[in-house]
Amino acid sequence: AQLVCLQELKATGHKWRRLPRQREKPEHEPPRPKHVFKVISHLAQALHDPTAEVYYCDEMKFPLRQNASYHWINPAFKDELVYSRRYSETITLNAVVMCSTRGFHAVQIYKQEINADEFIYFLTKAIPALPELGKSYTILTDNATWHTAEAVRNTEASKLLFFNVPYAF
């Protein structure tokens, strides 16, 4: 039955082709050398100091979707089809993670988008669970709006945050 369907599609002029992807490249300025030096210096000093501990904090999305990269296309309509990711709020999980060079320390998963309140909640649970070995801590994070929000800046946890260069890994 499957072979008959394939033959019928081919007989109507359809071809099995890869869908073209449209990629948008965000334009941003290159990082300022002084800011890069500041981040590298801070991390190097903290990693070298036996009384300091460096943690890295970031978010990630897990879109639970499936898309076909290939599609049966009639050559007459090939310009109309473009690879499309269909995002859905109901099937995307968002995670905040904190790790060190030794591994993961804390993970929190959300069904909704992460905001400043969610980030504060994560920090208030993760920071007290850090090892109490008389160490000082620094948490490297990116410049996401929920990391730099006023609500976050007004917490005790903000004293531990150190912001990476924008658009850096």
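Taking amide H as placed 1.01 Å from N in the peptide plane, the amide H of L93 sits under 5 Å from that of F62, L64, each at least 5 places away or on another chain. Using a cut-off of 27 Å between Cα atoms, the listed pairs K111/K135; K38/K135; K34/K125; K34/K159; K34/K61 include K111/K135; K34/K125; K34/K61 as exceeding that distance. Given a Förster distance of 35 angstrom, what is the FRET efficiency for E29 paired with A76, based on the Cβ-Cβ distance and rounded to 0.05? After rounding to 0.05, the efficiency reads 0.20. Of the residues T12, L47, V36, the one whose Cα sits farthest towards the positive end of the charge dipole of the range 1-57 is T12 (charges of +1 on Lys and Arg Cβ, -1 on Asp and Glu Cβ, taken about the Cα centre). The residues packed around T138, meaning those with a beta-carbon under 11 Å from its beta-carbon, carry a net charge of 0 if Lys and Arg are +1 and Asp and Glu are -1. Pairs of Cα atoms in the range 89-157 fall into 5 Å distance bins, from 0 up to the last occupied one, in shares of 3, 14, 25, 27, 18, 9, 3, 1, 0 percent.
Here F104 and T148 are evaluated by their C-beta separation; at R0 = 22 Å the FRET efficiency comes out at 0.40. Distance between the 7 Å Cα→Cβ label points at A129 and D58: 2.1 nm.
Under a 5 Å amide H cut-off, with hydrogens placed 1.01 Å from N, D142 pairs with N164 among residues at least 5 apart or on other chains.
Coordinate-derived values only; no laboratory data. Only a predicted model underlies this, so the values are computations on that prediction, with no experimental measurement involved. Here Cβ is always computed from backbone atoms with ideal geometry, including for glycine, and neighbour counts include all displayed protein chains.
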